[in-house]
DNA sequence: ACCTAAACGAGACGGTACGTCATGTCTTTTT
DNA sequence: AAAAAGACATGACGTACCGTCTCGTTTAGGT
């Protein structure tokens, strides 16, 4: 006689959607620090237990909410002009970081993973790596370590954004130009 | 006759030190998420009110603790060999990010500023800008936007570290090389 | 849709009993002045919120504790000898006022009602009036204002006790005799 | 070399007055339960230490405040008509109990003494006994235990008042009449 | 008319308790 | 069997006061 895991076939899709939506709304309204399960449950019109049954932590809820959010992501374009394509790609990231729907949740998620290695691993696997792979795809013609290249291109945006600085399309362009040419232009 | 702020001349230096030390220890032990004022107060042997009297939030306490920690920071070296100097500088950052004394507090601070614009502003002014200025100093010979250059060099480390990835001296070297040469080596 | 009161059907009888008992014990040990909700909760093995959920103040808790205590009270006897019956009744009150189990709680209750009109009203209705009615019952044969008569008989005991004086059976007898005969014996 | 007691010759009369007045005002405004030393000190424009230097507890402060208040008390009149004189005397007590300046402080004092035997003793000696003696004086012609007689006359008023009931001159008259004649009028 | 020691106002300190809020577990009732 | 509702033990929140302890600053004798 063993305690069985929740039977996911019986799971209420209505409740799941309501919870993820409520989580995003709450994060946007009160911020991740004051985000609470009770608030999500109340806003979703759902019992607390229904959240605890399916997610181990509020970080995990936010994680799934962000996953749902970013379902339909596109790869960087490939027009043949590398610099132009990268600028387009980074500008897309800039837009995302400034999108009032996405930004608070993303910020919450970054906070959550920085304190929860388990969540960080899942984030890497499910969200970060796929994105990186797509980005590396556009860089495949270069003869460098693509992981580092992606970091050099995108990390400046992320870091500036996490520090609360303004992240503009122009800044993205500067990053692309300097990254491609190097700091010591010859 | 206006309501005056607490009289800092009467402030107990003993209590201040004890609180900052306790904050670092607690962050290292339980992490920022579970860091609580009561815990800091108890560990410091101090009344809670003594914390609330001088700091507006636990984030601010951590901030001051980190400030105290990084009091004696050195500028990047200047041997004439730019690449070598940058590698030295970035390796110093890597060491800091892996230092078990500094890392948890720094992580906590980054979390705090990402949710508190007021704190973010103070962070920029008191901690981040001075560091950036020192770094820009070594790059002054370059004919590029130094703010962006500093980002391209350091942001990859920070971002990787915040995502929970391993940040090694070798990775730092790769970043320096690629940043200096550009992604499209000619 | 209106905010509903706590659902008393779900109330834990175990917690309720534990709280009332703990309240009596605490009052007896530390006195009403130092009685605190946290102490009651800790002694009862109960969360503070469980107290706040069901009682508006520590006075109300003490009130219920005293109510529980005095559940099985008896009416004054009726042997036909009025003086003897009244002496018996007043001696019962004396015993109560000197009972180490009852006295501290009663004292606490008197303090509470003297500062809380709401509580005073409930006290009058639920505790005081029933007792007075029972006492008036034995005096029904007299042709006087029974409310005043009950006061003249019992108030001297209560007042002396509240002032910290000794309240003895002999004193009770003297009160009965003088009250029945009047101060100007003819 | 022994620690000396405060030198009462240097005591500031201004501060003493301000504290006692502030205590009465505070009691009248917020009630004894919420009366606090800090509140008294603030209202009196006085440092907390000045209160702690001269009084051991807030009960003692209230005690002195009441003492100051009732300085000029008069004895019951003596016209030769016992019943009339007693009615006059009890009506004076009724007036005091309904006086918005005196009542809250008196209520506070009664609360304080019921939880502090030390204070109760001082109350008996300095306030209660003198009053009782004055009252007994008017009853000296009676051939009964005067302590009990005074109780029978005054306790009903006090008790009713402490329970939050209305205490009227008419009620005082009824008490006098019934106490003098006895419950079994012959 | 000074001098000095106290009493004074102010307020920081280590604490305790407040009343509120959120946690994660649990039961009960409904669907 | 899952879900909604919500009571429960736990524990942190930020506030209010406690009583003690410095700090300067009056202020009131004693010389």
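What follows draws every value from the coordinates through simple rules; no lab data is involved. Remember, it's a predicted structure, so these values are computed and weren't measured experimentally. So basically every Cβ, Gly included, is an ideal-geometry build from the backbone, and we count neighbours across all protein chains shown.
Here are some notes:
- For the pair residue D:103 and residue C:9, a Förster radius of 45 Å applied to the C-beta separation gives a FRET efficiency near 0.55, rounded to the nearest 0.05.
- Degrees between helix B:13-30 axis and first principal axis of chain B (Cα, 0 to 90, nearest 10): 60 degrees
- Cα gyration tensor category, rounded, prolate or oblate, for the protein assembly as shown with a/c compared to 1.5: prolate
- Peptide B:116-127 is shielded by partner chain Cβ atoms: per residue, an average of 1 of them sit within 10 Å of its Cβ.
- Between copies, residue C:57 shows label-point distances of 2.1, 3.7, 4.4 nm, shortest first, with the point placed 7 angstrom from Cα along Cα to C-beta.
- For residue D:131, the distances from its label point to the matching points in the remaining copies are 2.2, 7.2, 7.8 nm, ordered from shortest, with each point set 7 Å beyond Cα toward Cβ.
- Dmax and Rg, reported as Rg then Dmax, of the range C:18-105 (C-alpha, Å): 16.5, 53
- Cα-Cα pairs of the range B:13-68 separated by more than 16 Å (percent): 27 percent
- Inter-chain neighbour count for B:141-150: the average number of beta-carbon atoms from partner chains within 10 Å of each residue's beta-carbon is 4.
- Taken over chain D, the convex hull of the Cα atoms encloses 155 Å³ per residue.
- Rounded tilt (10° steps) of B:103-113 against the dominant C-alpha axis of chain B: 80 degrees
- For peptide D:23-33, the mean count of partner chain Cβ atoms within 10 Å of a residue's Cβ comes to 1.
- Separation of the range B:94-148 from the range C:1-75 is 54 Å, based on Cα centroids.
- For the range A:82-181, the normalised intensity computed at q = 0.20, 0.23 Å⁻¹ comes to -1.10, -1.35 (log10 of I(q)/I(0), Debye sum over alpha carbons, equal scatterers, no solvent).
- The residue in chain A that lies nearest, by its beta carbon, to the axis linking chain A with chain C is given here with the distance in whole angstrom as A:49, 5.
- Compared with the dominant principal axis of the Cα atoms in chain D, helix D:146-162 is inclined by about 60°.
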